[in-house]
Ligand code: ARG
Ligand code: GLU
């Protein structure tokens with residue numbers, strides 16, 4: 001009897017769904033979490049994670065470019081990130097003759113590594129709370145404008161004393177928790193970062209946009225770079241004389257593999273979350289913003305796809321653009337559904353009811369009503385601005401006209417801008433997009449949110465199609481040779497160019513009629529949130545609050561875990577090469593694997609080759625390329641995605657649905673070895689086992 005009871009108890013515990021671990025914590029304050037991390041299996045100390053006195057894991061993590069993460073994996077500055085993070089660079093080096101997107105790229109020695117002007121990696125040197133310094137001189141009696149200027153002056157003084165562009169040192173002061181606290185972040189930025197290796201897209205982007213944001217997943221989403229420095233190991237612009245960067249710390253790689261329940265820890269730079277907003281914001285995002293933007297992008301994607309499937313050159317030209325349009329499009333779909341499924345608006349309203357009761361007799365009374373009325377004022381303008389961004393601003397000819405005009409005006413050279421643009425421009429796509437987007441703008445915006453320029457032109461032409469015909473027939477910007485010959489003296493002529501004229505008219509309308517009310521109201525909203533954030537902390541004194549993501553370095557920990565996306569379905573957390581072969585289909589672009597991979601598989605013995613795994617780490621956009629680390633601080637994977645059903649975690653984390661997707665590091669090793677034959681890279685890495 002007793003035994004049965006114990007057995008049932010054990011069974012119940014074992015069957016309990018694994019709960020995900022919400023939170024993206026500041027490394028500086030990791031000592032507050034280290035007890036919990038260790039209780040969940042972590043075997044290192046807070047000092048191992050973050051330290052300014054000795055080398056720690058943070059010294060092996062970088063902000064890659066402007067919005068991804070990367071990790072250093074050798075004493076010679078070798079760096080891993082995602083294929084989709086290096087996509088722009090891989091594409092820049094590609095042409096129909098050398099198609100590195102299609103065929104992959106493998107440097108066979110350091111001399112073959114490819115430079116990428118403009119690409120940087122930023123190491124966080126230290127962070128520090130500076131609230132007191134930033135608010136020095138601030139009196140509670142001051143107005144918000146006065147507070148702002150105190151903050152601005154003090155922050156500028158702090159960063160000015162630290163910044164040293166010559167040495168690649170840049171710092172910033174960030175207001176976290178809606179500027180209830182201020183933190184200083186000091187970065188060292190390296191700007192010679194070379195491409196070392198990338199798998200063919202049929203591996204690095206396997207599953208394409210069909211599998212993007214989904215499980216089961218089999219994408220080998222990695223790319224390899226190397227950081228270079230001058231002879232003193234300091235940042236320097238690209239030069240043949242630069243040498244591989246010697247890191248303070250690099251990751252050791254574990255080949256032991258993962259299984260359900262294993263501790264995991266993601267160290268990276270999530271971009272943006274809104275965990276503490278009111279039901280008003282969630283309602284707007286889930287019911288208005290997401291569905292409307294999804295509908296507009298569906299049209300653009302259909303147009304791009306039509307032309308891309310007809311012509312290999314167009315496919316290369318639009319691959320990067322198409323991927324980025326599609327990426328948010330799919331994320332928003334999961335987000336809107338997830339918010340609806342878990343009734344986030346209702347649960348926020350219930351929370352707000354409790355909050356209202358609590359705040360009846362304190363200084364926060366009325367705060368939620370104030371926020372509601374601010375949202376009511378903001379939303380129509382905000383919606384117009386989202387339409388502007390998703391319609392007019394997506395017409396390539398218009399934004400290009402503006403880039404050229406601005407460069408000429410500033411006396412800057414235009415040839416590089418023009419060459420870059422025309423390399424990836426296909427006019428039929430742009431023309432069809434123009435018609436679809438301007439028709440949507442016409443239909444969805446009420447007349448008070450249309451510039452008079454638009455209404456006048458439309459009535460002059462009679463239809464968007466007629467407008468399109470005239471625009472593309474008469475704008476000089478469709479003609480590369482004419483653009484390349486432009487000089488500053490001809491600026492006045494450009495004022496009358498139909499593409500530039502349209503860009504300018506819409507832009508002026510936006511800046512005069514739309515942007516100012518949004519800025520003003522958003523500022524008030526932000527200020528109200530500063531109070532609301534503080535109030536939430538007082539209202540829930542026992543809750544551990546983490547600041548919303550803002551591309552600063554964070555720690556998210558959890559464990560390897562599957563999930564159940566719907567009734568009677570359970571997804572286990574590890575995918576293998578067997579699944580790639582199951583999906584393989586030469587007739588479907590996204591699932592057509594390289595012949596070499598088929599041949600390797602046919603040799604036998606590779607069924608269990610791991611490819612990707614799921615875990616419960618709280619991640620967001622920007623965490624792409626982040627190191628996924630085991631209980632001993634060793635590298636076991638590279639984060640690259642979340643599951644679609646969990647993308648509402650940017651607003652509300654649901655432990656049952658939110659999972660991050662990582663590449664199993666052993667698949668990277670497999671591809672580098674068997675597809676890339678780049679053994680020299682494996683020799684450079686160091687392995688824990
Ligand atoms: N969803 C991932 C992220 O947000 C991967 C995007 C790139 N992959 C793609 N198929 N578009 O960045
Ligand atoms: N792929 C995303 C990125 O670029 C990470 C996925 C996510 O949003 O979690 O950062």
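A quarter of the convex hull surface defined by the alpha-carbon atoms of segment 497-540 gives 3.7 nm² as the mean projection. Normalised by 2.2 N^0.38 Å, with N the number of residues, the alpha-carbon radius of gyration of the chain equals 1.00.
When both segment 329-346 and segment 56-115 are represented by their alpha-carbon centers, they are found 34 Å apart. Based on C-alpha pairs under 8 angstrom that are at least 6 apart in sequence, segment 154-235 has a relative contact order of 27 percent. Binning the alpha carbon pair distances of segment 393-452 at 5 angstrom intervals from zero yields the distribution 4, 16, 20, 18, 15, 12, 10, 5, 0, expressed in whole percent.
If R0 is 45 Å, what FRET efficiency do you get for residue 164 and residue 351 from their C-beta distance, rounded to 0.05? Taking R0 as 45 Å, the efficiency between residue 164 and residue 351 is 0.45. For segment 27-52, the residues whose backbone nitrogen is under 12 Å from a point 7 Å from the Cα of residue 128, taken along Cα to Cβ, are 52. Shape summary of segment 597-675, radius of gyration then Dmax from alpha carbon positions: 14.8, 47 Å.
Can you bin segment 449-567 into rounded, prolate or oblate? Criterion: square roots of the alpha carbon gyration tensor eigenvalues sorted a ≥ b ≥ c, rounded for a/c under 1.5, prolate for a/b above b/c, oblate for the rest. Spell out each step's value before the answer.
Values: a/c = 2.63, a/b = 2.18, b/c = 1.21.
Prolate.
Nearest 500 deg cm²/dmol is fine: what mean residue ellipticity at 222 nm does the chain get from its DSSP H runs of n ≥ 4 alone, each adding -39,500 (n - 2.57), divided by its residue count? Don't skip to the answer; put the middle values down first.
Details: 27 runs with 298 residues, N = 689.
After summing the helix terms and dividing by residue count, I get -13000 deg cm²/dmol.
Thinking of segment 144-183 as a set of Cα atoms, what percent of all their pairs are more than 11 Å apart?
Numbers: 520 of 780 pairs.
Summing the P(r) of segment 144-183 above 11 Å gives 67 percent of all pairs.
When both segment 27-41 and segment 159-205 are represented by their alpha-carbon centers, they are found 25 Å apart. Here, segment 271-323 yields an orientationally averaged convex hull projection of 4.7 nm² when only Cα atoms define the hull. Label separation (residue 136 vs residue 531): 3.0 nm, computed from points 7 Å beyond Cα along the C-beta direction.
Given the C-alpha centroids of segment 235-289 and segment 592-640, what is the distance between them in whole angstrom? After rounding, the separation between the Cα centres reads 16 Å. With R₀ fixed at 56 Å, the C-beta to C-beta distance from residue 241 to residue 539 puts the FRET efficiency at about 0.40.
Here the gap between residue 55 and residue 288, fully extended at 0.36 nm per residue and compared with their Cα-Cα distance, gives a gain of 79.2 nm. Note on segment 371-525: Cα-Cα pairs beyond 20 Å make up 53% of the total pair count. Overall dimensions of segment 455-518, expressed as equivalent-ellipsoid semi-axes from the Cα gyration tensor (√(5λ), whole Å, largest first), are 24, 19, 9.
Can you pull the percent of Cα pairs in segment 528-619 with separation above 15 Å? Spell out each step's value before the answer.
Working: 3176 of 4186 pairs.
The share of Cα pairs beyond 15 Å in segment 528-619 comes to 76 percent.
Return, ordered by residue number, the residues of segment 635-666 whose backbone nitrogen is under 16 Å from a label point located 7 Å along Cα→Cβ of residue 274. Answer for segment 635-666: 647-653. At q = 0.12, 0.26 Å⁻¹, what log₁₀ I(q)/I(0) does segment 629-689 have when each alpha carbon counts as one equal point scatterer in the Debye sum? Log10 of I(q)/I(0), two decimals: -0.45, -1.07. Taking the convex hull of the alpha carbon positions in segment 161-303 and averaging its projected area over all directions gives 15.1 nm².
Mind pulling the per residue volume of the convex hull built on the Cα atoms of segment 318-432? Å³ is fine.
Working: hull volume 19.4 nm³, N = 115.
In segment 318-432, the Cα convex hull volume per residue is 168 Å³.
Straightening the chain between residue 249 and residue 581 buys 115.8 nm, computed as 0.36 nm per residue apart minus the Cα-Cα spacing. May I ask for log10 I(q)/I(0) of segment 47-168 at q = 0.19, 0.21, 0.22 Å⁻¹, from a Debye sum over the Cα atoms as equal point scatterers with solvent left out? The computed values of log10 I(q)/I(0) come out as -1.13, -1.24, -1.30. Between residue 489 and residue 373, what is the spin-label point distance in nm, taking each point 7 Å from the Cα along the Cα→C-beta axis? Those two pseudo-labels are separated by 6.0 nm. Under the criterion of Cα pairs below 8 Å and six or more residues apart, the relative contact order for segment 624-689 equals 25 percent.
Computed from the coordinates by the stated procedures, all read-outs in this text should not be read as laboratory data. This one's a predicted model, so the numbers in the text were calculated from it and none came from an experiment. Positions of Cβ are backbone-derived with ideal geometry, glycine not excepted, and every protein chain shown enters the neighbour counts.
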